[in-house]
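Here's the structure, in structure tokens; my notes come after.
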Amino acid sequence: MTELNTAEDGAMSEAQIDIIAPNEAISLYGLFLERLKRSPEHPAYRRFDAESSQWIDINWQQLADNVCRWQSALAQENLKPGERVALNLRNSVDWVSFDLAAMGLGLVVVPLYPDDRPDNVAYILEDAGVKLLLLQSASQWSKLATALTSGHSLARVVILNDESEVSDSRCISCSQWLGAAPSDTTLSERREDPGKLASIIYTSGTTGRPKGVMLSHLNMLSIAHASLQAFDIFPDDCFLSFLPLSHTLERTGGYYLPMMAGATVAFARSIPQLSEDIQTVKPTILIAVPRIFERIHDRLQSQLAEKPWIARQLFKLTVKIGWQRFLFQQGRGPKRLSFALWPLLEKRVASQVQQRMGGQLRLAVSGGAPLPIHAAKLFIGLGLELLQGYGLTETSPVISVNRPDANIPDSVGQPIVGVQVRIGEQDELQVLSPGNMLGYWNNHKATASTIDVDGWLHTGDQASINDTGHITITGRIKDILVLSNGEKVSPSDIESSIVSDKYFDQAMLIGEGQSFLSAIVVLNPDNWFGLARKLQLDPMSDASLNEKKLHQHLIGEIRQLMKAFPAYAKVRRLILTLDPWTIENGMLTPTMKVKRAQVSQHFEAQIRKLYS
């Protein structure tokens, strides 16, 4: 068996007494078996029941009964260990049950994004040689079936919802499939070698076809365990799960990590209902991408704009003093007399915002993309413990995270236990970690270009590391724009600055090989009408987006945001649109990253005109 390294820094805290170590779990399915043995009656998951309109708890024993049913049904398909099965579901107990049941039979799980395009899903299924697929609905299959080529390996398609009949002989409703399996079986006790392949997770690359990242049981176990050394998670903690479980951050951090610590996970109903679910579930832990915090930030700012002047000033004062208190507590700022006002400001202002987030949230972790500092300052200033982390699918995914007592919000924190980092050529961050992938599925060339002969994984991100070990991501090697004068510009910081303004929802910097920078910008539809009226433009006319006074006004806004950037990095011209970039129109990856090549191609004529 593969050797397990369970070395940790220092003694375990009281909160970590019930944590399952990797050598106790051995495999991801073994982690579930160990949790079942330790706390069978403890709530494992919480879900919303539409029939009763209530939230229902499922304990570990009840989950085990579910897993047993799924395992029995899978066993009837005569799949061999190592063969691939895929699922395309919303986050749910069924997602978890299928994942655990498959791994308990030695199968390799391929998670798919519910919002991904059918042609992309078809490519993944064919590339991975998937034999069995679990889908949410028949409509998913009707869209996918036409995208599949004759080269696919699918022998069985199980459809969870039974709203309509499907004539395809490969398809079966989940109720029929589960019902046909024998009911007198017991859970598999199989625990794979920890170094064996557990899952193939396809990265949503911003260019080209996605690559299948091969992660072992040990990869994800070791990273979940090391992450638990960065902050305390208690058995009575409640996570709110809303990032897709196909996203590695949610899978490792919001599924295996809570299982390792014995905490409860509540499945949010949907993103539109997220605000209501937060109020009802009252989570203590939140793992999210920056876009969630930005949306809450923007909503607060919009609501604040309608308040009286005194309310706006009180809010600003609260955030300012709260931020200064945070810096003092971190040892990076002086003690101030104004701190005496905090108890009053916390009661009158901060606690009101905290109640909107359930009132019990004690820790929030942001990852998957850079967290804008203005959003971090607002939430931290209002008393929320907000930690930014960093990682890649290829590293299972966590590389680093800020700690509560060493939090530098505009950094991505320090490496977690067991992870080594270094700065290589072109300031590239390189990683040696127990979470480093086994390689890319069927792609030896890509594997060799990502992991060198000494095992260091090349992230493609440029970074700096300060004397406390905090990592700051400064750019992306492949995304660097080189102007005609030789100056190099990293787009990410500038784009983050632009979208911090209320008028802009999305932005992409352009100017490779040109003498100046421009930006393609998606305007915020809620604020567009007010701006158009202010400038005496027709908000319903596409021609208004090309008006000179609008461009002058918005470039002025951007210049104010970019005062700290060098002169050569200023944005001189804009391409404006009201049409958002989405997964459906091919402009975003399933992990919400902008597909730069596709956006450039879509606006090719306007870009050419801009620089002609």
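The values are calculated or read from the model by the stated rules, or taken from the named source; none is laboratory data. This one's a predicted model, so the numbers in the text were calculated from it and none came from an experiment. Every residue, glycine among them, receives a Cβ derived from its backbone with ideal geometry; neighbour counts consider all protein chains shown.
Just a yes or no: is a residue in the stretch 568-582 within 23 Å of the chain's Cα centre (by Cα) and buried (at least 19 other Cβ atoms within 10 Å of the Cβ)? Yes, the stretch 568-582 has at least one match.
Filtering the stretch 86-132 to residues that are of a type in the set (Phe, Trp, Tyr) and buried (at least 23 other Cβ atoms within 10 Å of the Cβ) leaves TRP95, PHE98. Taking only the stretch 492-526 into account, find how many residues are in a helix (DSSP H, G or I), of a type outside the set (D, E, K, R), under 14 Å from ILE558 (Cα atoms) and touching a strand residue (DSSP E or B) at 6+ places or on another chain (Cβ under 7 Å). Going through the stretch 492-526 one residue at a time, the tally reaches 3.
Residue-by-condition table, conditions (1) in a loop (DSSP other than H, G, I, E, B); (2) among the small types (Gly, Ala, Ser); (3) outside the structural domain of PRO114 (by TED's automatic domain parsing); (4) out of contact with any helix residue (DSSP H, G or I) (no Cβ under 8 Å at 6 or more places or on another chain):
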| site | (1), (2), (3), (4) |
| --- | --- |
| LEU537 | yes, no, yes, no |
| ILE555 | no, no, yes, yes |
| ALA564 | yes, yes, yes, yes |
| ILE583 | yes, no, yes, yes |
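For the stretch 380-432, which residues satisfy the criterion of being polar (S, T, N, Q), on the phi > 0 side of the Ramachandran plot and crowded, with 23+ Cβ neighbours inside 10 Å? Within the stretch 380-432, just SER396 meets the criteria. Listed by first and then second residue, the pairs linking a residue in the stretch 436-463 that is under 24 Å from ALA224 (Cα atoms) to a residue that is in a strand (DSSP E or B) and of a type in the set (Phe, Trp, Tyr), with Cβ atoms under 8 Å apart and 6 or more places separating them unless they lie on different chains, are THR447/TYR440; THR450/TYR440.
Among the residues of the stretch 50-98, those identified as under 29 Å from ALA122 (Cα atoms) and of a type in the set (Phe, Trp, Tyr) are TRP70, TRP95, PHE98.
Rundown of residues vs (1) of a type in the set (S, T, N, Q); (2) part of a helix (DSSP H, G or I), yes/no style:
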residue	(1), (2)
SER175	yes, yes
ALA181	no, no
GLU189	no, no
GLY195	no, no
PRO210	no, no
ASN219	yes, yes
ALA230	no, no
PRO258	no, yes
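For the structure I just gave you, tell me whether GLN598 is in the same structural domain as SER497 (by TED's automatic domain parsing), assigned to a helix (DSSP H, G or I) and closer than 23 Å to SER246 by Cβ. Yes; evaluated as a whole, the condition is true for this residue. Would you check which residues across the stretch 162-201 are closer than 20 Å to ASP65 by Cα and β-branched (Val, Ile, Thr) and list them? Scanning the stretch 162-201 gives THR185, THR186.
The single condition from (1) closer than 20 Å to GLN606 by Cα; (2) modelled with pLDDT under 95 that ALA519 fails is (2). Here ARG332 meets each of (1) surrounded by fewer than 13 Cβ atoms within 10 Å (Cβ to Cβ); (2) farther than 17 Å from ARG403 by Cα with one exception, condition (2).
I'm trying to understand the selection: among the residues of the stretch 451-465, which are more than 22 Å from the chain's Cα centre (by Cα) and more than 19 Å from LEU371 (Cα to Cα)? Walk me through how you get there before you give the answer.
To start, the set of residues in the stretch 451-465 that are more than 22 Å from the chain's Cα centre (by Cα) comprises 451-456, 464-465.
Hits for the stretch 451-465 are ILE451, ASP452, VAL453, ASP454, GLY455, TRP456.
Going by the conditions given, is ILE271 surrounded by fewer than 19 Cβ atoms within 10 Å (Cβ to Cβ), among the hydrophobic types (A, V, I, L, M, F, W, C) and either part of a loop (DSSP other than H, G, I, E, B) or under 15 Å from the mean Cα position of the chain (by Cα) (or both)? So that I can check it myself, show each step before the final result.
Numbers: surrounded by fewer than 19 Cβ atoms within 10 Å (Cβ to Cβ): yes; among the hydrophobic types (A, V, I, L, M, F, W, C): yes; either part of a loop (DSSP other than H, G, I, E, B) or under 15 Å from the mean Cα position of the chain (by Cα) (or both): yes.
For ILE271, the condition - surrounded by fewer than 19 Cβ atoms within 10 Å (Cβ to Cβ), among the hydrophobic types (A, V, I, L, M, F, W, C) and either part of a loop (DSSP other than H, G, I, E, B) or under 15 Å from the mean Cα position of the chain (by Cα) (or both) - is met.
Within the stretch 575-612, being touching a strand residue (DSSP E or B) at 6+ places or on another chain (Cβ under 9 Å), free of Cβ contacts under 8 Å to residues at least 24 places away in the same chain and hydrophobic (A, V, I, L, M, F, W, C) holds for MET587, LEU588.
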